[in-house]
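The values are calculated or read from the model by the stated rules, or taken from the named source; none is laboratory data. Owing to the predicted nature of the structure, the values given are computational and were not obtained by experimental measurement. Note that we place each Cβ from the backbone using ideal geometry, even for glycine, and neighbour counts take in every protein chain shown.
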Amino acid sequence: MAGGWASDGAVQDQIDSSIEDAVARARGQLPQGESLSRCEECDAPIPQARREAIKGVRLCVVCQAEQDKANAGGAGYNRRASKDSQLR
């Protein structure tokens, strides 16, 4: 049930758009190309199994975990601009 000028499916459309944006962002961050045999950050060897499992891998497990933690960021976009989410 939508209110005002919004159509009946407006809320679901916003949810779907948020999910599509998140998937596109995640796909854009996937490594591509040839995997490295040594980590770009610490020069540690990258195991063969990791290089085969993740095409285009550039970091060892430890450096990748640190990078993932640094990129963990916030909860995403506030498409509805509700006061509840602005006050968090």
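Among the residues of segment 61-79 satisfying the criterion of being in a loop (DSSP other than H, G, I, E, B) and either polar (S, T, N, Q) or modelled with pLDDT of 95 or more (or both), which is farthest from the chain's Cα centre (by Cα)?
In the first step, residues of segment 61-79 are kept if they are in a loop (DSSP other than H, G, I, E, B); the result is 71-79.
Restricting the remaining residues to those that are either polar (S, T, N, Q) or modelled with pLDDT of 95 or more (or both) gives 71, 78.
Numbers: ASN71: 8, ASN78: 16 Å.
Applying the filter and picking the extreme gives ASN78.
Could you tell me how many of the residues in segment 15-40 are surrounded by 14 or more Cβ atoms within 10 Å (Cβ to Cβ) and touching a residue at least 24 places away in the same chain (Cβ under 8 Å)? Write out each step before concluding.
Kept after step one, since they are surrounded by 14 or more Cβ atoms within 10 Å (Cβ to Cβ), are these residues of segment 15-40: 18, 31, 35-36, 39.
Cutting the leftovers down to touching a residue at least 24 places away in the same chain (Cβ under 8 Å) gives us 18, 31, 39.
Going through segment 15-40 one residue at a time, the tally reaches 3.
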